[in-house]
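Here's the structure we're looking at; comments come further down.
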Amino acid sequence: MKGSILTLNAGSSSLKIALFPPGDESPIVTGSAERIGGDCTLTIKDASGAFIAEYKGDAMRGATHETVLRKLIHILQQAGLAQNLVAIGHRVVHGGTDFVAPILVDDAALNQLVSLEPLAPLHQPHNLAGIRAARSAFPDVLQIACFDTAFHRNHPFVNDTFALPLTLYAEGIRRYGFHGLSYEYVTQKLAAIRPELHAGRVIICHLGNGASACAIRDGQSIASTMGFSALDGLPMGTRCGQLDPGVILYLLQQKKMNADAIADLLYNQSGLLGLSGLSNDMRVLEATDDPAAKAAIDYFVFRIRREIGGLAASLGGLDALIFCGGIGENSCLIRARVCDDMAWMGIAIDPQRNAAHETILSAPLSPVEVMMIPTQEDIVIARAANAMMEQVQAQRLRAIGGIPPL
């Protein structure tokens, strides 16, 4: 059953694919679309980084996730890159209380995941659209769903609940946490390169158009800034982050806004875009002298620093602080400002290392190790898909009386 594995990863404004050859974690093809819904760009490259295809400008402006995905699949098929495909792994943001590990997707599971769309409206519909498109294009290929919420499902009760009646907790109103595939990869990478830190108290900041931070002890998530939905915690590209629920009541009762209008405000018009009135793209905000853009960056940094303090308290101290995600990996300005004047917490960043985007960012005598580890969610998905594929193969061999290979 050896063959290639394709991964699909849909973000709120992005879509990424990677094609992995049998038994290899180095993709032979990668593709990415950015700024979906706006000035979208789509690129597909081979293992050497050479362009297989590139689309931008009028051809992609306003493209939806579905449009981009269909184009990506078509390109792979036209190039003969999908002939040996045996499994497709999908990032699915919300798994609810039931899905705590990767699953084979069937009609029943897909219907159950549809019911979770209201909890992640920026992502879940796109995730499931990807599954439907892949099932349609490759009906004989295994479809595996991997969940962003699964990494956080062993939170202690105090980090899993709200101070609401327990009947609501039993119904599933709880703190799920997200970006789990990213945290899983970075945690696994840390275990490989710095096992002593992996065994300690770690905060990972996944900073991008979606942003969150997670407290990890001995490789296990114990607290996350995101909660019931992907709105909570840090401000994001277009999402508000932490918000007094009284604001929602005010918008309903005094401003007479309906639920759809409030959802659009909180998911699509807030965050960096709402504060700056200019853009949800940190690169744009950093490049301008606009005072509103500066204020948006100030708030973004302030909230990250505040959440780091709270997560460190939940861990009882801190051994390592790690940045990942599009902003965390690429913005030396944000990393520097987050770590500025944090010596009281044992955090000291080296300006030269930070400017060079090195793995180790902390100053030589910093008690807390500060690192930048580029996240690779596609590898986590590919590993899960490969494991599921081997499990299915073993089941088939047992069903016909064969013996699974060692």
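None of the figures in this text is laboratory data; all of them are computed from the coordinates on show. Small disclaimer: the values here were computed from a predicted structure and weren't measured. Heads up, the Cβs are rebuilt from the backbone with ideal geometry, glycines too, and the neighbour counts pull from every protein chain shown.
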Point to revise | Gln83 paired with Ala259, simple spin-label distance in nm, labels 7 Å along Cα-to-beta-carbon | key: 5.1 nm
**Study point:** Expected 222 nm ellipticity per residue - DSSP helices of 4 or more, -39500 (n - 2.57), all of the chain, to 500
**Key:** -11500 deg cm²/dmol
Check your understanding: Alpha carbon centre of segment 240-274 versus segment 347-383: separation in Å?
Key -> 35 Å
Point to revise | Top of Leu142, Leu365, Leu15 by mean-square fluctuation, Gaussian network on the chain, Cα under 10 Å | key: Leu365
Check your understanding: Considering only the chain, what is the antiparallel percent among its DSSP beta bridges, to the nearest 5?
Key -> 65 percent
Review point. So which lysines pass the test for Lys45, namely a Cα distance under 29 Å, with those fewer than 8 places away in the same chain ruled out?
Key: Lys2, Lys16, Lys56, Lys71, Lys189
Study note, to complete from the structure: A correct Karplus calculation of ³J(HN,Hα) over segment 235-242, with 6.51 cos²θ - 1.76 cosθ + 1.60, θ = phi - 60°, whole Hz and x for Gly and Pro, returns x, 10, x, 10, 9, 6, x, 3
Point to revise | Beta bridges per DSSP with both ends in segment 4-147, % antiparallel, nearest 5 | key: 70 percent
Exercise for review: Quick one: work out Rg over Rh on the C-alpha atoms of segment 183-372, Rh as Kirkwood radius.
Suggested key: 1.00
Check your understanding: Using a basic spin-label model with each label point 7 Å from the Cα along Cα→Cβ, how many nm lie between Tyr299 and Arg217?
Key -> 3.3 nm
Point to revise | Karplus (6.51, -1.76, 1.60) ³J(HN,Hα), θ = phi - 60°, over segment 121-138, in Hz, Gly and Pro reported as x | key: x, 7, 10, 3, x, 6, 4, 6, 4, x, 5, 4, 5, 5, 5, 5, 6, 10
Point to revise | Descending semi-axes in whole angstrom, ellipsoid equivalent of segment 53-169, from the Cα gyration tensor | key: 32, 18, 12
Check your understanding: Distance from the Cα centre of segment 79-103 to that of segment 136-192, in angstrom?
Key -> 15 Å
**Study point:** Under Karplus coefficients 6.51, -1.76 and 1.60, residue-wise ³J(HN,Hα) of segment 153-164 in Hz, glycine/proline x
**Key:** 6, 9, 4, x, 3, 5, 9, 10, 10, 10, 7, 10
Review point. So, in nm, how far is label Ile193 from label Val100 when the simple model puts each one 7 Å beyond its Cα toward the Cβ?
Key: 3.1 nm
Practice item. Determine which lysines satisfy two conditions relative to Lys255: a Cα distance under 20 Å, and not lying fewer than 8 residues away in the same chain. Key: none
Review point. Between Leu116, Leu197, Leu168, which gets the highest mean-square fluctuation from a Gaussian network model of the chain, Cα cutoff 10 Å?
Key: Leu168
**Study point:** Net lengthening on full extension, Ala292/Ala59 (0.36 nm per residue, minus Cα-Cα)
**Key:** 80.7 nm
Review point. Taking amide hydrogens as modeled 1.01 Å from N in the peptide plane, which residues meet the under 5 Å criterion relative to Arg201, leaving out close sequence neighbours?
Key: Asp319, Ala320
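Give me the Kirkwood hydrodynamic radius of the chain in Å, from all C-alpha pairs, to one decimal place?
Numbers: mean 1/r = 0.0451 Å⁻¹.
About 22.2 Å, per the Kirkwood formula over Cα pairs.
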**Study point:** Difference of contour (0.36 nm per residue) and Cα-Cα distance, Ile173 to Arg396
**Key:** 76.4 nm
Revision key, fill the gap. Rounded to the nearest 0.05, FRET efficiency between Ala313 and Asn111 (Cβ-Cβ, R0 45 Å) equals 0.65
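Can you sort Tyr169, Tyr185 from fewest to most other Cβ atoms within 10 Å of each residue's own Cβ? Before the final figure, lay out each step's value.
Working: Tyr169 15, Tyr185 22.
So the ranking, lowest neighbour count to highest, is Tyr169, Tyr185.
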